[in-house]
Amino acid sequence: MTDNQAASDDLLHSVIVEFGGGNQDAAIEQIWCMHRENRHDGGIAHALALMLAQTGKPGDAITVLRRAVAAEFLNPDYYADLANLYLGADDQGRALDCIQTSLALNPVDPKLQKMAALISLDDRRSENGDWPAELYPGGQLEDFDADGRAITGLLGEGDYYQVIAEGRRILSHRPGDVRAHYCLSVALQSYNHVGQVIGHLTAVSKWMPAFAGASKGLGDFLHQAWRLKSIRGDFANAVLDRRSENADILDLSEAAGRYRSALHHQPEDARTRLYYGNLLNDMGNAVGAIEQYHLAARLEPGWISAQFNLARAMMNAGELDHALERVNQVIGMEPEFREAIGLKAKLLALKGDLVGAGMTHQAAIEFAPKFSTEVYF
Amino acid sequence: MAGNKLPVEQFEIVTVLWGARFVDRFLSMTLATILAPGNIPALANDRRLSYRIFTGENDERRLRASPLFQRLEQFLPVNISVISTRPDDGKYRSAIQHYIQAMQDTRLALAPTILLQPDAIWADGALMRIAELADAGYAAIMTDGLRVIAEHFMPAFEDASLKGADGSLSIRPRALMELAMDFIHPYEASVTWNSKFIHDVPFRLHWPVPGGGIVTQGFCYNPIYLAPEKYDFGSVKAMDHGLVDAAITNLDRVYYCQDSDDVALVSIDEEGYSGANYKRADRRQKILTAASWAYREATPENLLAATKPVRRHFAEIDEAKWRRVERVSRASMGAVLTSRKIFLVLSLMKRQGLTLAPAMLAYLLYQGPLTGWLRIPGPMTVFAPADAALEALGRARLNDLLSSENKAEVLDMLAMHMRPGHLTVDQAAGHLGAAKIIKGDLEAEDWTLHIIDQPLVASALERT
């Protein structure tokens, strides 16, 4: 633990004590400040959410607790608390997803078992067929906690080779272990094994439906697999005379469903919005894409990729002035963004200023491309 | 070709690798294939060989424990140099330094180097072919593995290759190419001429030859053999990007493997989440993306490499068919190289303070008809009107000239301002009618730039 983290934990503790002592408004004000400064600190967000819930602000509490869950997505307690809040808001669907997710991470927690029983998780079980008893059938929970600590520890150290070995060991005796599937998906991602990553993320998404990051990751990989396969399919068609496995292009609707599932649980995640927009573009839904880019840009106004994608989508929709205004903002934020400069040149040409377009193109010739997985081309 | 044509009696093979992933690949693929009968066993019969491996401490233990490694030691002495590494940390930069160190260490022994990368799969007979080419006096031998998707390719390769009793794997060049094209990496597929996408670093392009082949023209090939003429390695960026320029003075002594029947290898890679590094691109964008990379990065050796078509195939393909595709590949790569020269000239114009002439040229290149039109192999003379001269025409007229309705007019005008060959100020003066050269003899490689005081019009040319 760093000195900063220790100081933050001490401060958080003192605020919680202050809240418990009855000085609720001051405590909440202080913890809001802490949360604004450290939006990715799950502990602060969790504490703030509980305080908001206790002071009659369940809507804000849910929003903040979603952030805690996004920051510490393997913490079963956060999902359990979020389930409680959803129940209070009469949102049984999300509540059930949270309980199911929490149970996958902590299958012996009596509190969760009780909640599951209370809100008719049994109905969900019958819909899904085999949840949850079949996830960890008899005897598989031995060393459950130790295995979880071991593999997440290795992942934290970045030792992906060992993560893969340990993950496969865990899955050999507990095939449904969601933490092992998750850690393997991350480690194999570093090896870029697209097919295997999709397999592990599919398992995680199935058993942890409230884990938006897994659904989003699965959407990303399914989309990328589609792109890679279509690229290879063109090659096979041109060079090989025989039918290629690449001829079977994947269906993008599954990826779309994964993104929608992620957004159902994390509607304020700008990244999911942007990637979903990229997918919609490849599905030919330009209107849907522009809507997602708008939302992403609104959620994170300083995010260049969102602004760029939005500008490009606006150009395609014929909104040239708005697109130009937006792309000028992007270039203002990142003057060497070659693709943005190219986009501006196209916009100028479309507006009839061909000389200006040429000047703009010329300004970019010294810059290297700035491709990223975020920017849609 | 110049050079010593005495047989090369001694080679040092060098590999740099670290990390479990590369050790696994090296042992199961690279080492297994170089132990095929036509590779190290044949080469060790009549040459003196040594093998130097740079690797991490843990990796050394894994290498030495492998039966294939022990088999390797039966043919040649293996010297392992333990290096300090972190898995996959700056692997390319670090690896190149160790390859260079190996060459510097063998400088006095006059032993040329076979550079054997740890993720390559060699066809049987490739190493003997390297020795033949070395005997013929070549100082560098260049090729590059066609990239394949590791997780799909490896099981199929193990099935398709001939297994030796010692664990070696032997595969013929065409069988290797067939597998490579079946399990082609998206990178290679994206830089293929008919693809709707392109990668952000298109250092080569492929043209499909239906029925089982591709023609490749590209900037970057790896040296698989180097007998350095000099040791000026200070500015080397990568194996395929500066190493040969640093080691070889006379590029006539560089051999490019131009047929996969000659030397065949593939390079195994992950399929890659970097899929989004592929963008949708039409052919103009492919040309400009490749030209832009070459403008910023290409070395003289890279530019030479780009003129050499490479045939890779698993089927017997009719010569006429090859030539048809090569005509297209040469023309397209010609457009890439010409576009690169235009970038050089644009940069030169900018440094001279011009804005309007380069803007018009840039527009024509990016959005007008220029990319498909210009394929100029040799020197060129460019006449760029000064800003004042173009301003006098008015912005509206300039925009009008550039518009697609005036394609013929603008191309005619461009032809007047870009003349094949090198014209000095004195030689050019007679071609300019009333126009005068304000500043001349500016050079961008073999292109010459003259700044003139007024645009050239057809009547001026007619007068000359």
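The values are calculated or read from the model by the stated rules, or taken from the named source; none is laboratory data. The structure displayed is predicted, hence computed values, not measured ones. All Cβ positions, glycine included, derive from the backbone under ideal geometry; neighbour counts span all protein chains shown.
For segment A:339-365, enumerate the residues that are touching a Lys or Arg at 6+ places or on another chain (Cβ under 6 Å) and among the basic types (Lys, Arg). None; the set is empty. Evaluation of B:ASP412 against the conditions (1) without any contact (Cβ under 8 Å) to a residue 40 or more places away in the chain; (2) farther than 16 Å from B:ALA384 by Cβ; (3) of a type in the set (Asp, Glu) shows that the sole unmet condition is (1). Inside segment B:262-284, can you point out the residues that are at pLDDT 90 or above and not charged (D, E, K, R)? Across segment B:262-284, the qualifying residues are B:VAL263, B:ALA264, B:LEU265, B:VAL266, B:SER267, B:ILE268. Taking every residue in segment B:283-306 that is in the same structural domain as B:HIS199 (by TED's automatic domain parsing) and without any contact (Cβ under 8 Å) to a residue 24 or more places away in the chain and pairing it with any residue that is surrounded by fewer than 23 Cβ atoms within 10 Å (Cβ to Cβ) and among the charged types (D, E, K, R), at least 6 positions away or on another chain, the pairs with Cβ-Cβ distances below 9 Å are B:ARG296/A:GLU366. Scanning segment A:218-231 for residues being over 18 Å from A:LEU280 (Cβ atoms) and either away from chain B (no Cβ under 11 Å) or buried (at least 24 other Cβ atoms within 10 Å of the Cβ) (or both) gives a total of 2. Filtering segment A:349-363 down to residues that are in contact (Cβ under 8 Å) with a residue 12 or more places away in the chain and surrounded by 22 or more Cβ atoms within 10 Å (Cβ to Cβ), which residue is farthest from A:TYR276 (Cα to Cα)? Residue satisfying both the conditions and the ranking: A:GLY358. Of the strands (runs of 3 or more DSSP E) lying entirely inside segment B:2-110, those containing at least 3 residues that are surrounded by 19 or more Cβ atoms within 10 Å (Cβ to Cβ) are B:10-16, B:48-55.
Condition first: more than 22 Å from A:ARG271 (Cβ to Cβ) and more than 9 Å from chain B (Cβ to nearest Cβ). Now tell me which residues in segment A:333-362 satisfy that.
So in segment A:333-362, the residues more than 22 Å from A:ARG271 (Cβ to Cβ) come out as A:335-336, A:338, A:341-342, A:344-362.
Matches in segment A:333-362: A:PRO335, A:GLU336, A:ILE341, A:LYS344, A:LEU347, A:LEU348, A:LEU350, A:LYS351.
This table checks each residue for (1) within 14 Å of A:ALA313 (Cβ to Cβ); (2) under 18 Å from the mean Cα position of the chain (by Cα); (3) among the aromatic types (Phe, Trp, Tyr).
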position: A:ASP251; (1), (2), (3): no, no, no
position: A:ASP269; (1), (2), (3): no, yes, no
position: A:TYR276; (1), (2), (3): yes, yes, yes
position: A:GLN292; (1), (2), (3): yes, yes, no
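Only a single criterion out of (1) buried (at least 22 other Cβ atoms within 10 Å of the Cβ); (2) at pLDDT below 95; (3) within 13 Å of chain A (Cβ to nearest Cβ) is not satisfied by B:ASP144, namely (3). For segment B:269-284, the condition holds for no residue, the condition being that it is under 30 Å from B:ILE130 (Cα atoms) and not charged (D, E, K, R).
Considering only residues in segment A:176-209 that are over 16 Å from the mean Cα position of the chain (by Cα) and hydroxyl-bearing (Ser, Thr, Tyr), the one that is nearest to the other protein chains (Cβ to nearest Cβ) turns out to be A:TYR191.
Going by what's in this entry, would B:GLY334 be described as part of a loop (DSSP other than H, G, I, E, B), among the small types (Gly, Ala, Ser) and either more than 10 Å from chain A (Cβ to nearest Cβ) or within 20 Å of B:GLU188 (Cβ to Cβ) (or both)?
no
Check whether at least one residue in segment B:293-308 is farther than 25 Å from B:ASN194 by Cα, more than 14 Å from chain A (Cβ to nearest Cβ) and not in a helix (DSSP H, G or I), and report yes or no. Within segment B:293-308, one or more residues are farther than 25 Å from B:ASN194 by Cα, more than 14 Å from chain A (Cβ to nearest Cβ) and not in a helix (DSSP H, G or I).
Within segment A:57-73, being assigned to a loop (DSSP other than H, G, I, E, B) and crowded, with 20+ Cβ neighbours inside 10 Å holds for one residue alone: A:PHE73.
Does B:SER339 satisfy being more than 16 Å from the chain's Cα centre (by Cα), assigned to a helix (DSSP H, G or I), surrounded by 17 or more Cβ atoms within 10 Å (Cβ to Cβ) and at pLDDT below 95?
Values: more than 16 Å from the chain's Cα centre (by Cα): yes; assigned to a helix (DSSP H, G or I): yes; surrounded by 17 or more Cβ atoms within 10 Å (Cβ to Cβ): yes; at pLDDT below 95: yes.
For B:SER339, the condition - more than 16 Å from the chain's Cα centre (by Cα), assigned to a helix (DSSP H, G or I), surrounded by 17 or more Cβ atoms within 10 Å (Cβ to Cβ) and at pLDDT below 95 - is met.
Working carefully through the options A:PHE211, A:PHE235, find the one that is over 27 Å from B:ILE149 (Cα atoms) and crowded, with 23+ Cβ neighbours inside 10 Å.
Values: A:PHE235 fails: over 27 Å from B:ILE149 (Cα atoms).
Just one listed residue meets the conditions, A:PHE211.
Against the condition buried (at least 18 other Cβ atoms within 10 Å of the Cβ), part of a helix (DSSP H, G or I) and either modelled with pLDDT of 90 or more or within 34 Å of the chain's Cα centre (by Cα) (or both), how does B:ALA359 come out, does it pass? Criteria met by B:ALA359. Of the candidates A:ARG312, A:ARG271, the single residue that is over 30 Å from B:PRO358 (Cβ atoms) and within 14 Å of chain B (Cβ to nearest Cβ) is A:ARG271.
Hey, could you check segment A:9-29 for residues that are among the acidic types (Asp, Glu) and under 16 Å from A:ASP41 (Cβ atoms) and say which is surrounded by the most Cβ atoms within 10 Å (Cβ to Cβ)? So that I can check it myself, show each step before the final result.
Quick first cut of segment A:9-29, residues among the acidic types (Asp, Glu) only: A:9-10, A:18, A:25, A:29.
Adding the requirement that they be under 16 Å from A:ASP41 (Cβ atoms) leaves A:9-10.
On the way: A:ASP9: 14, A:ASP10: 10.
Checked segment A:9-29; the qualifying residue surrounded by the most Cβ atoms within 10 Å (Cβ to Cβ) is A:ASP9.
In summary, B:ALA331 fulfils each of the numbered conditions (1) buried (at least 23 other Cβ atoms within 10 Å of the Cβ); (2) of a type in the set (Gly, Ala, Ser); (3) within 22 Å of the chain's Cα centre (by Cα) with the single exception of condition (1).
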